[in-house]
1. Residue pairs, Cβ under 8 Å, 6 or more apart or interchain, first in segment 172-191 and acidic (D, E), second surrounded by fewer than 18 Cβ atoms within 10 Å (Cβ to Cβ) and part of a loop (DSSP other than H, G, I, E, B). List them.
2. In segment 23-39, how many are without any contact (Cβ under 8 Å) to a residue 12 or more places away in the chain and either touching a helix residue (DSSP H, G or I) at 6+ places or on another chain (Cβ under 7 Å) or of a type outside the set (S, T, N, Q) (or both)?
3. Which condition breaks for H117 when tested against (1) surrounded by fewer than 20 Cβ atoms within 10 Å (Cβ to Cβ); (2) in contact with a Leu (Cβ under 9 Å, 6 or more places away or on another chain)?
4. In segment 133-155, is there at least one residue being within 18 Å of the chain's Cα centre (by Cα) and either open to solvent by 70 Å² or more (accessible area, probe 1.4 Å) or within 18 Å of R232 (Cα to Cα) (or both)?
5. Residues of segment 210-263 being among the charged types (D, E, K, R), in contact (Cβ under 8 Å) with a residue 60 or more places away in the chain, open to solvent by 60 Å² or more (accessible area, probe 1.4 Å) and farther than 30 Å from A134 by Cβ, which ones?
6. Here is a list of conditions, (1) surrounded by 12 or more Cβ atoms within 10 Å (Cβ to Cβ); (2) at pLDDT 95 or above, and A34 meets all of them except one; can you say which number that is?
7. Are any of the residues in segment 40-52 open to solvent by 50 Å² or more (accessible area, probe 1.4 Å), in contact with a Lys or Arg (Cβ under 9 Å, 6 or more places away or on another chain) and touching a residue at least 24 places away in the same chain (Cβ under 8 Å)?
8. Can you tell me which residue among E98, E124 is charged (D, E, K, R), crowded, with 20+ Cβ neighbours inside 10 Å and in contact with a helix residue (DSSP H, G or I) (Cβ under 9 Å, 6 or more places away or on another chain)?
Amino acid sequence: MLPADGNRGTMTPKIHFTASEAEMAQQALPVLSALYGTVDLDRADVVVALGGDGFMLQTLHSLTGRGLPVYGMNRGTVGFLMNGFAEGGLLERLDAAEETVINPLRMRAFGADGSVHEALAINEVSMLREGPQAAKLRIHVDGRMRMEELVCDGALIATPAGSTAYNYSAHGPILPINSEVLALTAIAPFRPRRWRGALLPKTAQVEVEVLTPERRPVMADADSRFVRHVVRVQISSAQDVRHRLLFDSGHGLEERLLREQFV
């Protein structure tokens, strides 16, 4: 992954540092850049992102198609997708890092005005009610209707990487990173009242139809990029898009997802 340094015989990557606008991240940026050097993105072997989970998602989206690995250092709050912050030892940590490859979801949302919007989501695609009344949704999987009417505040499709985020808050399952499944989770379901969602194959093509959208408007959201007043949303795994995340040895995403189920 990283080039070898002929003088030292160790891995010496060309690093591109990037930071969120948070004060802690901005303070760390010039310090780490001075210690290890920073190069333009086009010359980089690895990107080191300083911030929180939101900034990591932003960074991954901005790097779509580049194939660069991203090593996050937590200068935010939760930092589930980030490594711990330390000024020293970064080259050694990068050399020993474990790589996880994830595929985002592809959303295709159809607006009530006839418009079509596409976006990628690393965590989840969610459909959320916009007004005071609950949403009414119809769910199709691989062209077959699976639920005629779901009355709820919304529903979401989550990837394994995103299963500990909004999905978990909505009482959805935490998915092992290599499970090859997606979580379909209802948000505050009213009917069927006891429906707890479903696990779908990663290859599933999901379509969510909005019933009576004029009286019960719904918005679609892909990693905080939203489309208002949708009538239909198609979601599938974007197998052609790969994001490479680096984690400290012994603290990879698989271990984090497992550990999260025992807290």
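The values are calculated or read from the model by the stated rules, or taken from the named source; none is laboratory data. Keep in mind it's a predicted model, so treat the numbers as computed, not measured. When we count neighbours, we look across all protein chains shown, and the Cβ atoms used for this are built from the backbone with ideal geometry, even at glycine. Ligands, DNA and RNA are stripped out before the accessible areas are found, and what is left, the full protein with its side chains, is counted by its heavy atoms. Shrake-Rupley method; radii C 1.70, N 1.55, O 1.52, S 1.80 Å.
1. That search, which allows pairs on different chains as well, returns E180/K202.
2. Count: 3.
3. Here H117 clears every test but (2).
4. Applying the first criterion (within 18 Å of the chain's Cα centre (by Cα)) to segment 133-155 yields 155.
Keeping just the survivors that are either open to solvent by 70 Å² or more (accessible area, probe 1.4 Å) or within 18 Å of R232 (Cα to Cα) (or both) gives 155.
The answer is yes; a qualifying residue exists.
5. Hits for segment 210-263 are R242, E254.
6. (1)
7. yes
8. That would be E124, the only listed residue that is charged (D, E, K, R), crowded, with 20+ Cβ neighbours inside 10 Å and in contact with a helix residue (DSSP H, G or I) (Cβ under 9 Å, 6 or more places away or on another chain).
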